[in-house]
Amino acid sequence: MFIDEAKLSIDYVPPNLPHREEHLRKLTQLFRGVIEAPGRFSQKVLILGDTGSGKTSVTKLFGKLLTEIAKSHGFNLVYVHVNARRERTEYMILNKILAALQTGIPLRGLSTQELLSIVLEFIETHNLYLLITLDELGVFLKRRGEELLYLLSRTVDDQLNAQQRISLIGISRNPLFGYILDPSTWSTLQKNMIQFNRYNPLQLRDILNFRIKAAVLDGAVPPSTIDLIADIAGASGDARYALELLYNAGKVADEKGVLRILPEYVRSAKAFITPEIRREVLLDLSFHQKLLLLAVCRLLKPSEDAYVTTGALEARYGLVSEEYNQTPRSHTQVWAYIQELVGLGILTSKISGIGQRGKTTLIGLPDIPAAVLENELELQIEKSKVGG
Ligand SMILES: Nc1ncnc2c1ncn2[C@@H]1O[C@H](COP(=O)(O)OP(=O)(O)O)[C@@H](O)[C@H]1O
Ligand SMILES: [Mg+2]
């Protein structure tokens, strides 16, 4: 069915992004100073918008573009795109930045501050400029506070006479996270804010058509199917949800050995993906969060109860950890994982009610059959047997 599955995949960035030309232009404008007077100006920009509104793709494309523009102006700019939900600490983020710089310096056992110093020294001696995008910054700030921004932007602000070498783009989902930010940081970021709106069904249709041309056999997707996907995903305005529906509907067609993706296959696909539970969201979970979620699935799949107690869950998680040769995380950590999974909308929690002795927290899985999620998790866990 698919000519090029990779072109529908999560990390692929298409070379043009319909209905986001304006945003790219705005970004380019904001960085004009950086290009025209490298070292004299740096820039900080904040991008806000809902999931699947194109924030990550537009920014990555812009990073590529700016790197090329810099080159044509005779200086070297390195673009680093960091997913701050995946890279969970300041240390991990700085490591990522250093990796992008390809310093070749061994980094074992260094502190965060030392990593930062190495970055600064390296770009100074090699006359490099950096554009760092901190994607999913809202998630990171909620978890870790502002130290990261403080570290990175102090290097920009404090050395008034030094070369301004580091520019930042922060990306966050709505709602605004301004309330947790230091007012001065917030006001700088707010000055250069770009809002990404949700896509409407017509825009989603264009995006789908464009992506289908690159990825799927001609004529395999009738217009009625595209319209249906655009209408379904139009409710959340989420392009990724639209693409995942298309991808999964294609899989259904494949399984049936049919060469056309009919609207019915979209409906089948829809039963198994919701905006909350998508491969991308699952991929970003830590290894032990996946083990914990797998324990939820294993408990709920055969059960007559719709919920599990946290006690039963923790016990099962212990067994699942053992199965994968892992030491289970502490009770406190497991509790924090549960909270995070609830926050992401993957699990629900409620306090047990009438008829039960004592009060306990009950955990539920509202949006996806346990068996489907179990499958996906087992695949992902197999692939990534290590990690935190
Ligand atoms: N304008 C667009 N044209 C083509 N594909 C798009 C467009 N906007 C988003 N996408 C695709 O939709 C998915 C979600 O976009 P992404 O940039 O990750 O959104 P966000 O970061 O806002 O959640 C990606 O696979 C991306 O390639
Ligand atoms: Mg994103």
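The values are calculated or read from the model by the stated rules, or taken from the named source; none is laboratory data. Since this is a predicted model, take the numbers as computed values, not measurements. Cβ: placed from backbone, ideal geometry, glycine included. Neighbour counts: every protein chain shown.
General observations
- When each of Arg260, Arg205 is tested for being part of a loop (DSSP other than H, G, I, E, B) and of a type in the set (Lys, Arg), the lone residue that passes is Arg260.
- Some residue of segment 76-95 being of a type in the set (Asp, Glu), part of a loop (DSSP other than H, G, I, E, B) and more than 22 Å from Ala214 (Cα to Cα): yes
- Qualifying residue in segment 11-33 (condition: within 16 Å of ligand 2 (Cβ to nearest atom), outside the structural domain of Asp254 (by TED's automatic domain parsing), exposed (fewer than 14 other Cβ atoms within 10 Å of the Cβ) and not hydroxyl-bearing (Ser, Thr, Tyr)): yes
- Filter pass, Ile47 being part of a helix (DSSP H, G or I), modelled with pLDDT of 90 or more, under 28 Å from Gly343 (Cβ atoms) and not assigned by TED's automatic domain parsing to the domain that holds Leu341: no
- One residue stands out in segment 13-37 among those that are within 21 Å of the chain's Cα centre (by Cα) and over 20 Å from Met193 (Cβ atoms): the one that is farthest from ligand 1 (Cβ to nearest atom), namely Pro15.
- Residues of segment 236-269 that turn out to be away from ligand 1 (no atom under 16 Å from the Cβ), at pLDDT 90 or above and either within 19 Å of Gly54 (Cβ to Cβ) or among the charged types (D, E, K, R) (or both), as a count: 4
- Selected residue [within 11 Å of ligand 2 (Cβ to nearest atom) and β-branched (Val, Ile, Thr)] from Ile93, Ile97, Ile69, Ile47: Ile47
- Segment 342-383: number of residues that are at pLDDT below 85, more than 14 Å from Leu293 (Cβ to Cβ) and out of contact with any Leu (no Cβ under 8 Å at 6 or more places or on another chain): 8
- Filtered residues of segment 72-84 (kept if surrounded by fewer than 17 Cβ atoms within 10 Å (Cβ to Cβ) and either within 16 Å of ligand 2 (Cβ to nearest atom) or not hydroxyl-bearing (Ser, Thr, Tyr) (or both)): His73, Gly74, Phe75, Asn76
- Residue list for segment 198-230, filter: of a type outside the set (A, V, I, L, M) and surrounded by 14 or more Cβ atoms within 10 Å (Cβ to Cβ): Arg198, Tyr199, Pro201, Gln203, Arg205, Asp206, Asn209, Phe210, Arg211, Thr225, Asp227
- Residue among Lys44, Lys55 that alone is within 8 Å of ligand 1 (Cβ to nearest atom), touching a residue at least 24 places away in the same chain (Cβ under 8 Å) and among the charged types (D, E, K, R): Lys55
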